[in-house]
Amino acid sequence: MRAALTVPVQLGGAASGILELRAARADASIQDASTQDASTQDAFTQDDLAVVQLIAGTVAASLTGTREVGAAEARLATVMDTVPVGILLAEAPSGRIVMGNRRIREVLGHDTVYAQDSAAYGAYGAYHADDRPVAPEEFPLARICAGEAARAELEVRYQQPDGTRRWIAIAGEAIRDAAGTVVGAVVAVSDIEARKRAEADQDLLNSELSHRLKNTLALVQAIAAQTLRNAPDIDTAREALAARLVALGKAHDILLAGHLAGRPEAASVAAVVTGSLALHQDGPGRFGFEGPDLLIGPAAALSLALMLHELATNAAKYGALSTQTGRVDVGWDTAPDTAGDPVFTLVWRESGGPPVAPPTRRGFGSRLIERGLAGAVGGRAALDYHRDGLVCTLTAPLAGFRAGP
């Protein structure tokens, strides 16, 4: 037969289990160590009792520590899941990833890869801006765990499971024990795709504006020189130059609006036409517009705006817009030429004004109308002085109209 000595395992003042020591004896009794009788004493010595109580205390301490660690890990996991970025924890110096939060999937497109050491970080497919793969040892987590840095940051293009690449930022810091030794590292991983796109758009806009500013300055110089050369006096020159610069400025505003609307280096023909003629819209029914939705490049937009301004200015002085009943219809379209290449055509047609006759003198405005489009996009303008109203036909290869500056 066997005798048994039992000792309760206490956790937090309550019995969490029983530790039992058995020994062979004449009967099969089981005794609690706290109430052992003479028969139990015959089977177990005081040393046996002390050993059992020591073991019970050790087990209780171990269970207490395990529960506390588990509770701490649960609290940490809860906190990690509440932060708005992906989090990875790794041991040092191995770099073994021991924890990742649920946000990692939102940022990277997949769950945490529990690499066993930093050499296995290649499973996280990331690329530099120049498309070079990020080496495992380049990741902030690897650098910190290796002791290369206490803090490290990196911006990379991360390859999602579907093959797309998104910009992410990785920022990490060392975890130290009480003695100051690096025992691990933590990194925050955030999606910065929107920020990078905004930066790229801003860079493109700055480059575009810089390039256009140089072109515009050259154009302004030419307009100013020609205006002053052909004006009878300084007041007339000032007025003509100011009006032309206003038309140029409106064309720039239209191009900038196109960029902000997601159409860099392009402007709508309708926006250029209506914007250029807005100053001359002195009443209802003065203008009629008809044409397809068509985008053109900045060089064509600026030249077209200036040409329309000159046509409207002449119409206000001598043509349809000089009377209360006059009207201008502007229409545009595209059609293939004999070679099958698309050609842009815009027709300016005046009606209801005074009788028209060809001018006896050709000023800068007329030359700007006839030659401006040719110099900018390889087009041409034909002026027909019909008695009942001027007709101006602008034609240019569509490819030239859509080209950049």
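The values are calculated or read from the model by the stated rules, or taken from the named source; none is laboratory data. Quick caveat, the model's predicted, so the values are computed rather than measured. Ideal geometry is used to build each Cβ from the backbone, glycine not excepted, and the neighbour counts take in all protein chains shown.
Taking L302 as meeting all but one of (1) under 25 Å from P397 (Cβ atoms); (2) at pLDDT 80 or above; (3) not basic (K, R), write down the number of the exception. Just one mismatch for L302, condition (2). Beta carbons closer than 7 Å, at least 6 apart along the sequence or on distinct chains, pair a first residue in region 388-400 that is among the acidic types (D, E) with a second that is crowded, with 17+ Cβ neighbours inside 10 Å for D388/S351.
Residues that are surrounded by 14 or more Cβ atoms within 10 Å (Cβ to Cβ) and farther than 12 Å from V328 by Cα were ranked within region 275-293; the one that is farthest from the chain's Cα centre (by Cα) is L279. Answer with yes or no whether R371 is at pLDDT below 85 and surrounded by fewer than 20 Cβ atoms within 10 Å (Cβ to Cβ). Here the answer is yes, as R371 does meet what is asked. Per the conditions (1) closer than 14 Å to V189 by Cβ; (2) out of contact with any Pro (no Cβ under 9 Å at 6 or more places or on another chain), the sole criterion not satisfied by Y121 is (2). Scanning region 338-352 for residues that are without any contact (Cβ under 8 Å) to a residue 40 or more places away in the chain and either under 16 Å from S276 (Cα atoms) or surrounded by fewer than 16 Cβ atoms within 10 Å (Cβ to Cβ) (or both) yields a count of 3.
Does P355 qualify as being surrounded by fewer than 19 Cβ atoms within 10 Å (Cβ to Cβ) and over 27 Å from D388 (Cβ atoms)? Spelling it out, it is not the case that P355 is surrounded by fewer than 19 Cβ atoms within 10 Å (Cβ to Cβ) and over 27 Å from D388 (Cβ atoms).
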